[in-house]
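The values are calculated or read from the model by the stated rules, or taken from the named source; none is laboratory data. Keep in mind it's a predicted model, so treat the numbers as computed, not measured. So basically every Cβ, Gly included, is an ideal-geometry build from the backbone, and we count neighbours across all protein chains shown.
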Amino acid sequence: MDAGTARLAAVDEANLVLDHSGQVNVFLVCATLAPGGFVAEDGAADMGALRRAVRTRIGALPALGRSIVTVGPRHRWRVAEPDLAQHIRLDPPVDGVPGLEALCAQLMCRPLPRDRPLWEILVVPMGPGEVGVVFRVHHAVADGMAAAEILHGLFDPDEHLISRAVAPSRPSTTGTETHVGALRYARRIIEGVHRVLLTGLRRAVPPTVLLGERTPHRGVAFLRVDLAPLHERAHLRGATVNDALLSAVAAGYRSALRAAGEPIPAELPVSVPVALPRRANAGNHVGVMLVRLPLHEADPETRLGLIAAQTQKLKVEARSQGTFEFMRGPIGARLFDRLARQQRLVAGFVTNVPGAAGAFQLAGAPVTALWPVGVLAGNVRLGVAAVSYNGTLACGIHFDAGTVPGVDFSRAMAAELGALEV
């Protein structure tokens, strides 16, 4: 085997499986920049200056300096020098933030080329004095947490900008703990079988516009709220910011279902990733918890308390169970990919990644705002991704614009977050 290649971790190989026609498995972050550094006062972008700045940092970001090669039925990483003229490009101008939303919706249907490292940066003129930047990276390279680490490496360094979330460490099992460890392992196997059966057999979600074959027409909506009052309000209720996010998502679902003329169920389950301990050889370290959003409860604070009571227990269970069984390797991922097209276990995806505590810059240009956009997979037609940045919680809502009332969802979600931050 070529000494310049390395085998993909099984969980990363699984994420390659989930990238195919109709399903682009790419994590996206969109940002707006003010003049400074490579961005002139009139909004003109010096692409040479940006490429030079990024080139100096790629050496410390090995995930951006390798490409995929196929070896039999599997794949390997190969060290590859990125051609920054291809990876960092100037895109046609758009009309403000709505134009960025529309561009990101299109990009979520556009696969990354596999003949070079699986990432790109697009610079998008938005008007006088403002520029947008879109960073895309394949899920085989990084999950949300790993993507945040890569972004931190690309932005101008400031040691107190990123509030890094530390995943829990695995407890050791030695000596007299061996017997307990064996029992715990047996329990994990039983729970794993149960989760697999649930994925294929359980019908927790009634027939709904939220699930089904997706059209080629995507929509993306961005929103932001102040983080400090949201955190304080959630803390008073024994909840977290992530619980508040889930409560707002529940309000969004209520509004979307009402706009679609569908009955509102008592609860709606969603899939929520949970950070697991980092492993050096893999870009994905994510467990899953299934949170039942109480749609029958209209009061935001009561709904927040009901969600917090669930997540306190579910996070512990998800970390104990580890990576979702189907996503531990490519064989399981292929089976999961088929099952997911008909599943009725979850109605959507919601992810929240800790980000930057303060403001930062890209090649000298101040980053004024940023939003993440998550992947839609299986038969799910709407998902929400969130990240904290410079005192705000920024959310990207990704939906099938041909079937789902995404605008109604985003307006109701924004109203709920606004009510919780008061």
Kindly establish whether G396 is closer than 22 Å to A102 by Cα and part of a strand (DSSP E or B).
-> yes
Mind checking whether some residue in segment 1-23 is in contact with a Cys (Cβ under 8 Å, 6 or more places away or on another chain) and either of a type outside the set (G, A, S) or farther than 25 Å from V133 by Cα (or both)?
-> no
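State whether the residues of segment 330-347 include one that is within 28 Å of A45 (Cβ to Cβ) and part of a loop (DSSP other than H, G, I, E, B).
Among the residues of segment 330-347, not one is within 28 Å of A45 (Cβ to Cβ) and part of a loop (DSSP other than H, G, I, E, B), which makes the answer no.
This table checks each residue for (1) without any contact (Cβ under 8 Å) to a residue 60 or more places away in the chain; (2) in contact with a Cys (Cβ under 8 Å, 6 or more places away or on another chain).
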{"residue": "L28", "(1), (2)": "no, yes"}
{"residue": "R51", "(1), (2)": "yes, no"}
{"residue": "R57", "(1), (2)": "no, no"}
{"residue": "G65", "(1), (2)": "yes, no"}
{"residue": "W77", "(1), (2)": "no, no"}
Any chance you could count how many residues in segment 385-420 are within 19 Å of F27 (Cα to Cα) and either free of Cβ contacts under 8 Å to residues at least 60 places away in the same chain or in the same structural domain as M108 (by TED's automatic domain parsing) (or both)?
-> 1
If you take the residues of segment 9-40 that are small (G, A, S) and in a helix (DSSP H, G or I), which of them is modelled with the lowest pLDDT?
-> A10
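Kindly evaluate L236 against the criterion of being within 19 Å of E301 (Cα to Cα), hydrophobic (A, V, I, L, M, F, W, C), surrounded by fewer than 23 Cβ atoms within 10 Å (Cβ to Cβ) and free of Cβ contacts under 8 Å to residues at least 12 places away in the same chain. Write out each step before concluding.
Values: within 19 Å of E301 (Cα to Cα): yes; hydrophobic (A, V, I, L, M, F, W, C): yes; surrounded by fewer than 23 Cβ atoms within 10 Å (Cβ to Cβ): yes; free of Cβ contacts under 8 Å to residues at least 12 places away in the same chain: yes.
Here the answer is yes, as L236 does meet what is asked.
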Residues of segment 115-139 being surrounded by fewer than 16 Cβ atoms within 10 Å (Cβ to Cβ) and among the charged types (D, E, K, R), which ones?
-> D115
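May I ask you to list the residues in segment 359-377 that are part of a loop (DSSP other than H, G, I, E, B) and touching a strand residue (DSSP E or B) at 6+ places or on another chain (Cβ under 8 Å)?
Across segment 359-377, the qualifying residues are A359, F360, G364, G374, V375, L376, A377.
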Helices (runs of 4 or more DSSP H) lying entirely in segment 41-138 (those with 2 or more residues that are within 21 Å of the chain's Cα centre (by Cα) and not assigned by TED's automatic domain parsing to the domain that holds G219) = 96-107
